[in-house]
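Remarks on the structure that follows.
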Amino acid sequence: MLVHSRTGKWTAWALFALLFVPLFALPLLVIVAASFSTHWSGAFPSGPTTAHYTAAVRGESLQALTTSLVTAVTASLVALTIGTWAALASAAMGKRGRRILDALFMLPVAVPSVVVGLAVLVAFSQPPLLLNGTRWIVILAHTVLVTAFAHQSVSAAIRRLDPMYEQAAASLGARPSYVLLRVKLPLLLPSLNAAAGLCFALSMGELSATMMLYPPDWLPLPVLIFTSTDRGSLFTGSALAVVLMTATLLALLAVSRIRTRASFR
Amino acid sequence: MASAVRLAAPAATDQEPGPSPRTSRSIPAWVWALPPVAVLALVFLYPLALVVQESLAPGAYADVFASASFRDALVTTVWLAVASTAGCLVLGFALALVIAFVPFPGGKAVAKFIDVFLSFPSFLITLALLFLYGTVGMANGVWTDVTGDATGPFQFLTTPWGVLLAEITYFTPFVMRPLLAAFSQLETAQLEVASSLGARPLRIIRQVILPEALPALAAGGSLVLVMCLNEFGIVLFTGAKGVTTLPMLVYSKAILESDYAAACVVAVVNVALSVGLYVLYRGVSRRAGA
């Protein structure tokens, strides 16, 4: 449309491929390739092996994966509950109240994750709430970090919601709780699913706050990837990274399937 | 966390009589906002206030501001963030232009791939760059194979340039997404008219597309700027002692040196920078309608 000549089109596409392939496609391919090899001293990896994967689904690595999954699921569910509640409450408030509430819940996005980690560490290493050294401090920090994203996407969905539905239900005599449970929440279900997927993916890959907080017995997968690459085991790290990416993608895929089923309602 | 769970658990059950015109007559709407705000205050605002309080320890600010490592980190953080943002804007604009206006088979798949790319953690990029441009990586391997030299010429990974490359790679999709959304709303007839009146592609980009894309560029750019200022994983995985940014300094002061007062001072500076910029971003993106 922009370029009509044949050569012009091909030049644009060649330029696109030249930028896109080495910058975006190659990094992911390289990690997958490295995870299946034992050496990389030339142009290409050598020594094909699946040993990194057999190690990745055992012992410490398997424990890190379940740690990450449990953390991500717990943090996403709690964040989704708090974020949705706040979004529903702010939608019912006046313009000023809504702006204050939205700003409060958006704040964790702007604050660096490392600082969120530091703040949680400082606050919960002292009485009355002593959580330092337990798994709860990691889950708490993840919840704080993803709540903002849950709130953001749910409140965007509430703004797009047609008020006719709830008005119609209310005019037919439905109680407010009935309107919320049977009209509003079902209409919001696709957005809630999308928000859950987003929260899960963010929590699975969270490293910054986790590095400040993790206790020795609650080691999420990103931390394990860091410690193994830091030790020099780049190939083990790649295999773990592929496991992390696959787990995230599978969860996102499952969530998007629920979404398509929900949109039939 | 136990308390957060306890506070959050009733959320599922208490949510039923949610906000509505009818309850607002008996219970004002702001009462419904109290429980989530209370949770947020306990797990986020109170800890943040403690950080500010801790940073006010006598002499902490003077000590940190006087140290060379802090000033270096501040300068490195800001120039890396500004340079990465500029790189992301140029690259994102160019790539989005091709996807939107020079369509090719598979363009939809590329746009999907970008969405997926966004859901991966940033440190994977640095890990990949180690295999691509590391001392024994692909690029150096090709070089030594071809020329027979003992070492390759690509030794930039542990310098700020390696961090810059990783940040541009990781954050460019964050610019492309709003741009693609803006481009899909652009009236293509405008382009056809401009083209039929004899405007060449570069002129169409400058005079028709760029003005339409400016709000999306501003919104995407300021978001990326904030995220670059806050980026930690990329710098940590680079493992370079020469590259210290503010988040890295917070981590090393708090965890490696156990100097919490200094860590809190650096944290306050970093938060002031990022939140200031984020307020700007919200203003810009609200005007852009994004």
Exposure proxy order (Cβ contacts within 10 Å, fewest to most) of A:4, A:39: A:4, A:39
Only Lys, Arg (+1) and Asp, Glu (-1) charged, at Cβ; segment B:78-240 dipole about Cα centre in debye: 300
Virtual spin-label span in nm between residue B:90 and residue A:254, 7 Å along Cα→Cβ: 4.4
Along each principal axis, Cα extent of segment A:1-159, largest first, Å: 58, 54, 23
Estimated distance in nm for a label pair at residue A:6 and residue B:116, the labels positioned 7 Å out from Cα along Cα-to-Cβ: 3.3
Mean projection area, nm², convex hull over Cα of the protein assembly as shown: 29.0
Part-to-part distance (alpha-carbon centres) for segment A:1-62 and segment A:107-131, which is given in Å: 37
Residue mean of other protein chain beta carbons inside 10 Å, B:129-141: 5
Mean Cβ count within 10 Å, highest first, over the residues of peptides A:213-221, B:108-116, A:153-161, B:126-134: B:126-134, A:213-221, A:153-161, B:108-116
Helix A:221-230 axis, angle to chain A major axis (alpha carbon atoms, nearest 10°): 30
Radius of gyration, Dmax [segment A:59-262; alpha carbons; angstrom]: 19.2, 67
Alpha-carbon centroids, segment B:211-286 and segment B:115-148: separation in whole Å: 25
Exercise: per-residue mean of other protein chain Cβ atoms within 10 Å, A:73-81: 3
Expected 222 nm ellipticity per residue - DSSP helices of 4 or more, -39500 (n - 2.57), all of the protein assembly as shown, to 500: -24000 deg cm²/dmol
Listed residue pairs exceeding 24 Å between alpha carbons, taken from A:95/A:184; A:95/B:112; A:9/B:112: A:95/B:112
Percent RCO, i.e. relative contact order, over chain B, from Cα pairs under 8 Å lying at least 6 residues apart: 27
Reachable aspartates and glutamates, given that their alpha-carbon falls under 15 Å from the alpha-carbon of residue B:253 and they are not under 8 places away in the same chain: B:54, B:63, B:72
For A:238, A:61, A:177, order by how many other beta-carbon atoms lie within 10 Å, fewest first: A:177, A:61, A:238
Shielding of B:229-237 by partner chains, average beta-carbon count, 10 Å: 5
For chain B: Kirkwood Rh in Å [reciprocal of mean 1/r, alpha carbons]: 22.8
Between 0 and 90°, nearest 10: helix A:234-262 axis offset from chain A longest Cα axis: 30
Diffusion constant of segment B:104-198 at 25 °C, which comes from Stokes-Einstein with the Kirkwood Cα-pair radius and 0.890 mPa s, µm²/s: 149
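All of the numbers you see were taken from the coordinates with simple rules; none came from a lab. Everything numeric in this text was worked out from a predicted model, so none of it was measured. With ideal geometry, Cβ positions are generated from the backbone for all residues, glycine too; neighbour counts draw on all protein chains shown.
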